[in-house]
Each structure stands twice: as structure tokens, then as C-alpha cells.
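Colleague: This is the structure, below, for whatever I ask next.
Each value in this text was obtained by applying a stated rule to the coordinates, not by laboratory testing. Computed from a predicted structure; not experimentally measured. Neighbour counts are summed over all protein chains in view; Cβ atoms, including those assigned to glycine, are modelled from backbone coordinates with ideal geometry.
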Amino acid sequence: MTHMRRGVACVLMLATAVIILGFGSGSVLAAEIGIAVGAPESATVGADVEVKAIVTSDDEPLEGAVVALSYSTSLAGVAGRVELISAVTDSDGVAVMIYEQRAAENGEMFVEYVGPDDIETAPFVFTIAVESEQQQLYAPISGIKIPLLNGTLVIAVIAGVWSMIAFSAYQLVRVGRAGQGAEPVPSVVVASEQGSAWVATILTIATVLTAVGMVIVFLRTPLASGDPLRPELYDRSPIAFLDSDLPYGGVGLADASLAETDDPLADGEMLYFQFGCASCHGLSGTGAVVGPELLGEVGSLGGFFEDVREGPKEMPGYASGVLSDDDIELIHRFLKDGDSG
Amino acid sequence: MESVARWRERLIAKTTKPTLRTTAWYWVWLSFLVAVVAIGVYSYSTQWRNGLIVTNMRDRISWGLYISAFVFFIGISHAGTLISAILRASKARWRAPVTRTAEFITAFSLLIGASFVVIDMGRPERIFNVYLFGRWQSPIMWDVMAITTYLTASLIYLYAPMIPDLGLFRDRLADEVGPVRNWIYRTLALDWIGTPTQFKYLGKAITLMMLIIIPIAVSVHTVVSWIFGMTLRVGWNTTIFGVLFVAGAIFSGIATLVIVLAVLRRIYHWEEYLTPKHFIYLGYLLAAFAAVMIYVNISEFVTTGFKLEEAGEFAFRQLFLEDFSVMFWFYIIGGLITPLVLMVVPKTRTIAGVVTAAVLVVIAMFLERYFIVVTGLRVPLMPYEPANYFPSMVEWSIFAAGLAGFVLLITIAVKIFPMFAVWEMVEEREQEVALEIAQSILVDEDMRDDDETSGAGALAGSPIPEGGAP
């Protein structure tokens, strides 16, 4: 297991580095969290990869720490990090993370301390090279590839059709040229005050430019497996991003019986979900695309009653048969005093 | 017999007449159209400011009148080019007086139709993203490409055969019209003096465009249908949509052509050139396509109805029995069967009959576009209450502006451009006269030869009746 041996060496080296870095930074936190990682240097697409992280707190193994493994990538020009797996350290401060290598390229990989304490620590950065075997799990496998039936053919058709149009337009340039300086045909022309053929020239040039433009639009299309400018099995693996926390703080489906906890704030929040307020005003009342922010922003109970019953702007009104006065009061209380957590 | 030269002079006089004489009614009509367009522009400005919320399109029914209008106008555009190209390719001799109008209808309805796509956009300033970030895997891109191609091709196909007539106008109207139109004629006529070389190059351009424009036109409305057909929605998810849309496009195109020709004929007294024959031949085309449409509808509804999946039942119910049944049955009975009957029964095979059929067809085909768009989106994808949609005033006024804009463009074009292909009509007239002379000589000889035997030869050589009126 050369991978493992190298991994251990890696761990020792980097643990030292992290410790030095930790001291050097002069952090004022109560505990210095150190992370060291043991990982293979390379992985094969489709195979499982084991990554071990050792978490120390003031150089002592830290039990129960949550660490997450992620890798950096970009999707549609936006850079971010995709989380692969997270784990909790055992009594030796070791967390074992096994993930399946899916991407054709990992970029930089990170092991990060996530919790349970709210401590900012620098992530441990390392790399795992991916051995390419032309196998990539997220390649577009649906559909069949038929030789020659691809973007190149479409471009050929566009080019063919447009060259015929441009050729026709060019004939008009020739019509104009043939008229210049030639003897007029008396039966056709009466007075011969003439213009020139520049309209036809412009028409021809515009036609050619439009045709070229269309082919350029075509060639610029990204992520096309049939695209002549892209390699086969163009990497489209990134699937999710870690960068921001999703502000989801509610429950999936609200059941009426859940709103009987006798805690007015909890009951109010439940009713807020149950009657669909959340779908416009955000999961925690923090506002969304349609509805404005409500949490901490609602006014008097009287005004709130009126708004809920009438439904201002595009909001539907809630009749007393649907939503009782008591329930409105509870929702109001939640929105007034609840927190977004 | 009248000489071709004199016949030509009379034709030129008739063709140039709209450009020379303008009545007060014309200005009234023009002002009315401009007013309707202005109201539409104002409505659009409210949509520009406030977004698509001013329409009645919402999340569940997200396409409505605008997209129906888009499909409808792109459909009408097949009038022109396709009919003119098919008639030209098949050397139909009666085509000459109708082609120019048809080609104008094509160009103008394409412009109006394409603008409805932009009108339907919530963020129209992002239109250029189609060019900057477009992906050719998307049916919308196919549409943009097909319509761009068709618009370019049909403008050239409108322009090329008009060059000799523009030359004619340049020569004849130099002293009669103002400097703007003079400049237009001088510039667009491309030094046309009618030399054989010029005719050769012009012929090349026209022939090539005529051949290529038929597949382009077919592809355009097929691709328009694919915007619907490439989705998994009940009612849209069918392979017959391409055929249905192309047939429907030609069908509504012919009908529009009939209406426009009838109006122009009445206003400018073009009875000599637009004879009942032209209308009846167009009526036959209309009847043929009505039959095709009936067939396609039966084929579609029987194949899906026989299997009738769960959501299909909802789709059928709303179409045949409930919300959209009035529209649907008007389309079938009023728009497909009645026009066919009107053309089959000899008594109604008149200009009035053809125009009646054409009006029915245009209304029915618009309704068809509308219910295809809306019913397809109305079928619930999950167990929720089906949404309802009826266009808002903003949508109606913009749609009205689209119709008015189309008529306005034709109204203006009549005052500037030659609406008859004079040189082609003269060519046809020459051939007709030559044929008549040849036949009269033949008849004379036959008479002499057959004097002793029988009179059968005289019947066989009877001259073709002029105008071909029934």
C-alpha cells in the first residue's frame, strides 16, 4: 500500500505545517484546531477513495469534530466547491471519509472543520489526481451517437443554404453591373435616369455576414456532446455547491396537529407554513421573490388582520372560515417575536 | 385583337395608378391603422415598465395570445413565398398577377410574427443573449435560425422579381412622384435597362431562390411546431405537429392572400387582371388544404383518443366538450368543412364564395393556434386545479396593433411598390396571344382539310377562352 505510506508521510508533514501556521497566525481563539489529512495521490473514476483526517485541538486529538471533504470546480463560469462527504472524528481524532470518484478532475481538495463549535479554521488543502480512463460517470450517456449526424452536419446545412441565398443576392449585383454603361433596350426603358447597384452589394454583404454570424453562434454553443469544437465526453460533472448555507429553517410538510405545542412562537411558525405564507414570504419570513420580508417587520395586530383577510396587491385574502382569528394572532406573534434561526 | 403593346400600356397605367392617385379615404384608413398601432405601442410601454404582470399569463399558463399571434403570423407568411414559389416552379400560368401580393404578405407577416416573440419576453433587453449565449440544442435557437433564414430569403425573393418593375416605375414616374419615391425607385432598380445579360442574372437569382425557398418555408413552420412538439405536454407531444403546422400555415396563407387580393381588386379596380379564375384556383388550393387539415386532425385525434391516457382525457374533454369546445367546433365545422363545401358546390364557387371561405379559414386558423397554445398548457401536470387564461386588455391591444401593423405595411407598400409583376404578366400575355394566333391559324387549316370529312377537327382546335371565366 504505497498510497497509505505516502499518506502517513503526508499527514505528519502537513500536521506540522498546520501547527506552525496555527501558532504563526496568532489567533486569539480558545483552542487551536489543527487538521491533517492522509489521502492517496491519485484515484480512478468510479472507484472508492479513502481520505483520513486527523483533527487536533491544541495538539490533542479532538473527538466528535465534524469535518467535510470538498473539491473546487466551476460550473458555467462560476467557481465554487462541491461537498463530497463529511464525517465525525473518533476518540483518536481521526475521521474516515470514503467517497466515490465521479468527476474527471478534482481541482484542489479541502478538508474543513465544520463543527460542533463555531471556530474559524483554515481548511487543509491538498490534491488527488484523477487517472483518466475515458470514463466519466456524468457524461451524457442518454441518447445514441450516430456518426456524422451531429453539429457539423447542421453547420454544413446552414452554410449550404446560406451560400445559395448569398449567391442569389450576388446575381443582383451582377444585374446592376450589367446595366451600367450598356445600351438601354428601347422597349423597356423610357427615360433612363439611373441609380447604382450598391443596394445589391449591401444585401449580399449583409447576407454573408448573417450566415457567418449564425455559424459563430452555433460554434460558441457550450456543453454540446455533438459540438465539433469540444472534445468527446466534455466534463459536465459538477452538481452542487457548498459556498453558501441554504437558509432553510422550516419543516417539510406542516401538519395541523404540529401547531399545538403550547409554545406560541413554535405554533405560529407551524401555522405560517401550513397556510402557505412561506411560499411567498420565504421559509423564515425573511421575504422572497414575491412577498416582502415579514419577520420582525409586521406592524400592529389590527393592520395585520386587515391584510390577511383582504389580501393586499396580489396576495390572496384568507376568510375567517379558512384561517381563524386565533391562528392569525399566533402567526402575528411568530412574525413579531420569532427569530429566523 | 388588341396588340400586346397596348395591353401592356393599359396594365402599366393600372399598376401605377395607386402610386399616383390617393383619395381622402386612404388617409382616413391610414390614420385609423396608425392609431391602433399607437395604442398598442402605448400598451407595450406599460408592459415594458411593469413586466409581464400586466398580461394575464401566469406560471401555469405562461404562453397565450402573443405566442398564438406569433404562430399565426408566421403561418400567414407561407402565403406568399411558398405559393408563389410553388406556382412558379410548377409553371402555373395564372400565377403572375397574384405572386407580388403574396410575396409582400410573406415579408410583412414575418416581420410582425417575429416581433411577437420579443413582445412575449419579460426581459426583452436580453434578446441579444440568444446570439451571445445561444445553444443550438434549444428549439428556440432553431426557430431563430429558421426565421432569420426565411426572412432573408423571402426579402430577396420579393425583391428580385420586382427589379424590372421598379425600373419601369423609375422611368414612368420620374416626373410624377416626389423625390423620396424617385430616390427609392432609382436606388432599388439597380440600373435595370432590360438587357439580355440582366435578364439572365435575374433569372438565375429567381430560379435559385424559388427552389430553395420551398424547403426553407416548410422547415420554418415545422420548427415552429417543434417548440411545442419537443415537450412532453399532453396535446403537444405528437409527431404530426410538423405536418399540421405546415399544412395549416399554407392553408391560412392562401386565405389571407385571397382576402388581400379581393380588397385590392375592389379598391383599385383590377378586375381585368384578377379574374374569377384566379380566385377560384386559389379556392381549389384552399379546398385541397382544408381536406389535408381534416385528415391530419382525424389522424391525430383518433390515434391519441384510441389509447387515451389519463391526462389525454382531460385534454379531450376541454377541447371537445368544455371550455374550448366552441372554438374547436367552429374551427372544424366553420374553418375546415364549410370552406371545403363552398368550393365543392359549383354554385358557391364564385369570388364571394372564395372570399367567404377565406375569412372563415383565417378566423378558424387563428383560433386553432390559440387553443393549441392554451389547452396544451392548461392540462395539469400534477393534481392541481387547472388554471384559466383570458388575455388582458394589454394583450388584446398589442395583438390588435400587430394586425393593424400588418395591414398598415401593405397599405403603405401599395402606394410605393408595383403590386403587379408587370414584366411577367406581359410575358404571359405574349405567350397567350401567340398561342391564340397559332391556334386560329391551325383552326383555319383544319377547317380547310376537314371540309370534306367532318367538323370534329374544329372542336379539337377550339381557341382557349380568354380569361377562363366559368
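Colleague: Taking the beta-carbon count within 10 Å as an exposure proxy, list A:153, A:148 from fewest neighbours to most.
Modeller: Working: A:153 13, A:148 7.
Ascending Cβ contact count within 10 Å gives the list A:148, A:153.
Colleague: Output ³J(HN,Hα) for segment B:276-288: one whole-Hz value per residue in order, computed from phi by the Karplus curve 6.51 cos²θ - 1.76 cosθ + 1.60 with θ = phi - 60°, and x for Gly and Pro.
Modeller: Result, rounded to whole Hz: x, 4, 4, 5, 6, 4, 5, x, 4, 4, 4, 5, 4.
Colleague: Let me test this: with uniform point scatterers at the alpha carbons of segment B:315-374, what is the Debye-based log₁₀ I(q)/I(0) at q = 0.14, 0.18 1/Å?
Modeller: -0.41, -0.61
Colleague: To continue, here is another question. Check residue B:138: other-chain or 5+ apart residues with amide H under 5 Å from its amide H, H built from backbone geometry?
Modeller: Amide H to amide H, under 5 Å and 5 or more residues apart or across chains, residue B:138 pairs with nothing.
Colleague: Something else: So for segment B:255-296, Kirkwood radius off the Cα pairs, Stokes-Einstein at 4 °C and 1.567 mPa s: how many µm² s⁻¹?
Modeller: Roughly 117 µm²/s, to the nearest whole number.
Colleague: Just to check I understand the Karplus step: with θ = phi - 60° and J = 6.51 cos²θ - 1.76 cosθ + 1.60, what whole-Hz values come out for segment B:173-189, glycine and proline as x?
Modeller: With coefficients 6.51, -1.76 and 1.60, one gets 9, 3, 9, 9, 10, x, x, 5, 5, 4, 5, 4, 5, 4, 6, 6, 6 Hz.
Colleague: Please report the orientation-averaged projected area of segment B:290-400, defined via the convex hull of its C-alpha atoms, in nm². Could the numbers behind the result be given before it?
Modeller: Details: hull surface 34.3 nm².
One quarter of the hull surface, i.e. the mean projection, equals 8.6 nm².
Colleague: Looking only at other chains, what is the average number of their beta-carbon atoms within 10 angstrom of each beta-carbon in A:154-166? Spell out each step's value before the answer.
Modeller: Values: counts 3, 1, 0, 1, 3, 0, 1, 8, 5, 0, 7, 11, 2.
What the average comes to for A:154-166 is 3.
Colleague: Follow-up question, since we're still on this one. In terms of modelled amide H atoms, which long-range or inter-chain residues lie less than 5 Å from the amide H of residue A:51?
Modeller: Here the answer is A:97, A:98, A:99, since their amide H atoms fall under 5 Å of that of residue A:51.
Colleague: Placing +1 on the Cβ of each Lys and Arg and -1 on the Cβ of each Asp and Glu in segment B:4-66, which of B:45, B:18, B:62 has its Cα farthest towards the positive end of the resulting dipole?
Modeller: Looking along the dipole axis, the top candidate is B:18.
Colleague: Once the Cα atoms of segment A:255-341 are picked out, what are the Rg and Dmax in Å?
Modeller: 11.7, 33
Colleague: Enumerate the whole-percent occupancy of each 10 Å bin, from 0 to the last occupied one, for all C-alpha pair distances of segment B:184-315.
Modeller: 10, 23, 27, 22, 11, 5, 1
Colleague: Ok, one more. Roughly speaking, what is the centre-to-centre gap between segment B:25-53 and segment A:82-120 when only Cα atoms are used, to the nearest Å?
Modeller: Result: 62 Å between the Cα centres.
Colleague: Can you give the angle from 0 to 90° between the axis of helix B:351-378 and the longest principal axis of chain B, with both taken from C-alpha atoms, to the nearest 10?
Modeller: With rounding to tens, the tilt is 20 degrees.
Colleague: In terms of Cα to Cα distance under 18 Å, which aspartates and glutamates are near enough to residue B:17, apart from those fewer than 8 places away along the same chain?
Modeller: Straight-line reach from residue B:17, under 18 Å: B:9, B:165, B:171, B:175, B:176, B:271, B:272.
Colleague: What order do you get for B:365-373, B:431-439 when each peptide is scored by the mean count of other beta carbon atoms within 10 Å, highest first? Kindly include the intermediate steps, with their values, before the conclusion.
Modeller: Values: B:365-373: 23.6, B:431-439: 13.0.
The densest-packed peptide leads the list: B:365-373, B:431-439.
Colleague: What is the mean number of Cβ atoms from other protein chains located within 10 Å of the Cβ atom of each residue in peptide B:173-184, rounded to a whole number?
Modeller: Working: counts 0, 4, 1, 0, 0, 0, 0, 0, 0, 2, 1, 1.
Per residue, the number of nearby Cβ atoms from other chains is 1 on average.
Colleague: Still on this model: Please list the three semi-axes, largest first and in whole Å, of the ellipsoid equivalent to segment B:36-77, using sqrt of 5 times the eigenvalues of its alpha carbon gyration tensor.
Modeller: Details: eigenvalues 77, 59, 7 Å².
Equivalent ellipsoid semi-axes, largest first: 20, 17, 6 Å.
Colleague: In square nanometres, what is the average projected area of the Cα convex hull of segment B:161-258?
Modeller: On the way: hull surface 37.4 nm².
Average of the hull's projected areas for segment B:161-258 equals 9.4 nm².
Colleague: For residue A:311, enumerate residues with amide H under 5 Å from its amide H, sequence gap 5+ or separate chain, H modeled in the peptide plane.
Modeller: A:318
Colleague: Taking every alpha carbon pair in segment B:110-200, what does the distance histogram look like in 5 angstrom bins from 0, in percent?
Modeller: Pair shares across the bins are 3, 11, 15, 15, 11, 9, 10, 11, 10, 4, 1, 0.
Colleague: Once the Cα atoms of segment B:1-102 are picked out, what are the Rg and Dmax in Å?
Modeller: 21.7, 69
Colleague: What lysines could a cross-link reach from residue B:347, if we take a straight Cα to Cα line under 23 Å and drop same-chain neighbours fewer than 8 places away?
Modeller: List returned: B:277.
Colleague: Rounded to the nearest 500 deg cm²/dmol, what is the calculated helix-only ellipticity per residue at 222 nm for chain B, with -39500 (n - 2.57) per DSSP H run of length n ≥ 4?
Modeller: Mean residue ellipticity, 222 nm, calculated: -24500 deg cm²/dmol.
Colleague: What does the structure give for A:89-100 when I average, per residue, the other chain Cβ atoms found within 10 Å of the residue Cβ?
Modeller: Numbers: counts 0, 0, 0, 0, 0, 0, 0, 0, 0, 0, 0, 0.
Counting other chains' Cβ atoms within 10 Å and averaging over A:89-100 gives 0.
Colleague: Under 10 °C and 1.306 mPa s, how fast does chain B diffuse according to Stokes-Einstein, given a Kirkwood radius computed over C-alpha pairs? Answer in µm²/s, whole number. Kindly include the intermediate steps, with their values, before the conclusion.
Modeller: Details: Rh = 24.3 Å.
Diffusion coefficient, whole number: 65 µm²/s.
Colleague: Report ³J(HN,Hα) in whole Hz for each residue of segment A:322-332, in order, from the Karplus equation J = 6.51 cos²θ - 1.76 cosθ + 1.60 where θ = phi - 60°; Gly and Pro get x.
Modeller: Coupling constants for segment A:322-332: 8, 10, 6, 4, 4, 5, 4, 4, 5, 4, 4 Hz.
Colleague: Right, another one. Counting Lys +1, Arg +1, Asp -1, Glu -1, what net charge surrounds residue B:66 among other residues with beta carbon under 15 Å of its beta carbon? Spell out each step's value before the answer.
Modeller: Working: positive: B:58, B:123, B:369; negative: B:120, B:143, B:395.
In short, 0.
Colleague: From Cα coordinates alone, what are the radius of gyration and Dmax values for segment B:283-325 in angstrom?
Modeller: For segment B:283-325, the Cα radius of gyration and maximum Cα-Cα distance read 13.2, 40 Å.
Colleague: Enter the mean projected area of the convex hull around the alpha-carbon atoms of segment B:80-120, in nm², rounded to one decimal. Please report the intermediate quantities before stating the final value.
Modeller: On the way: hull surface 11.0 nm².
Seen from a random direction, the Cα hull of segment B:80-120 projects 2.7 nm² on average.
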